[in-house]
Amino acid sequence: MKTGKISLQKAAFSLLLALFLVTSFSHPTMAQSKQSLSTQITNNDQSIIFTKLNEKVWVHTSFNEWNGTIYDHNGLIVLTSKGAVLIDTAWDSGGDYQKTEELLRMIKKHFKQKVHLAIVTHAHDDSIGGIQALLNQGIDVHSTKLTAKLAKEYGYPSPRPTLDKKPLLKVGDTVVETYYPGEGHSPDNITVWLPQHKILFGGCLIKSLDATDLGNTADANIQQWGPSVRKVIKKYPQVKTVIPGHESWGDKKLLFHTLYLIKQHQQNQP
Ligand SMILES: [Zn+2]
Ligand SMILES: [Zn+2]
């Protein structure tokens, strides 16, 4: 009986996902529309999508339900001479980490590389939900002290809190710079900068141009969010590509669009 229920849920989820993909591909302003023209790799049920940014950097996208709607979440895969660097897990939730297991299988299959280390950019389930799958394979998972502390509070195993002291990681031929600009979407949100590619992973601190509001603000600090985004803008003037936590990526316009959404949110508050 139990398996029957699960497979029914799974079927319902797949149907929702299919509907989501159909609507988003056919609607020019929704997620994936711009990316659908670029090189993509997906698994059989399209629950995980890899989109190529360049020879070394790919976006991984997975899906989950929030408030009754299916959303996507983006992370990064950076191929280095020492193995892959994974930014954020797949969007697992509720103690389940199958999507991240699938993500690891796909990395191994398509890139013939192991994940050398991982970084989680905040302690919400879309960034850290699959951490157990990473730890099960002996992958070294890094975060800030605050993310590690919140992870434990939320019932996740702790990542290694190394990033406050060592925000710059050198992995083989690749430099990965993490940065904590202050509170915003969450108290602990960090960004990840790839100087060799001028790619900035903004995570959930940064909103897509598709976004018409700030999304989940349950743990947000609206007052600090703007100053934090401004710090990121100031720190990376040479940025070419900005990857938000959700929906389509683009250029530095996303940083300014996020500032606009914060202002709009503040104006709508009584
Ligand atoms: Zn979040
Ligand atoms: Zn998010």
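Laboratory data are not the source of any read-out in this text; all were calculated from the coordinates shown. As the structure is a prediction and not an experimental result, all values here were calculated from the model. Here Cβ is always computed from backbone atoms with ideal geometry, including for glycine, and neighbour counts include all displayed protein chains.
Using +1 at the C-beta of Lys and Arg and -1 at the C-beta of Asp and Glu, which of Tyr154, Val192, Pro237 has the Cα lying farthest in the positive direction of the dipole of the chain?
Positive-most Cα among the choices belongs to Pro237.
Mind jotting down a quarter of the surface of the convex hull over the alpha carbons of the chain, in square nanometres, one decimal?
14.3
Extending each Cα 7 Å along its Cβ direction at Val175 and Asp96, get the distance between those two points in nm, one decimal.
4.2
Take the cross-link list Lys170/Lys235; Lys165/Lys253; Lys145/Lys263; Lys99/Lys198; Lys56/Lys253 and give me the ones stretching past 26 Å between alpha-carbons.
The answer is Lys165/Lys253; Lys145/Lys263; Lys99/Lys198.
Determine the relative contact order of the range 122-264: mean sequence separation of Cα pairs under 8 Å and six or more apart, normalised by residue count, in whole percent.
19
So how strong a dipole does the chain carry about its Cα centre when Lys and Arg Cβ are +1 and Asp and Glu Cβ are -1, to the nearest 20 debye?
That gives a dipole near 820 debye.
Which distance in nm do the two modelled labels at Lys109 and Ile70 give, with both placed 7 Å along the Cα-to-Cβ direction?
Each label point lies 7 Å from its Cα, and together they span 1.9 nm.
In deg cm²/dmol, rounded to 500, what helix-only [θ] at 222 nm does the chain give when every DSSP H run of at least 4 residues adds -39500 (n - 2.57) and the total is split over its residues?
Taken over the chain, the calculation gives -10000 deg cm²/dmol.
If you take every residue apart from Asn189 with its C-beta less than 11 Å away from the C-beta of Asn189, what net charge results, scoring Lys and Arg +1 and Asp and Glu -1?
-3
With the contact rule set at Cα under 8 Å and sequence spacing of 6 or more, what percent relative contact order holds for the chain?
Relative CO of the chain lands at 13 percent.
Rounded to the nearest 5, what % of the DSSP beta bridges within the range 37-268 are antiparallel ones?
Bridges in the range 37-268 that DSSP calls antiparallel: roughly 70 percent.
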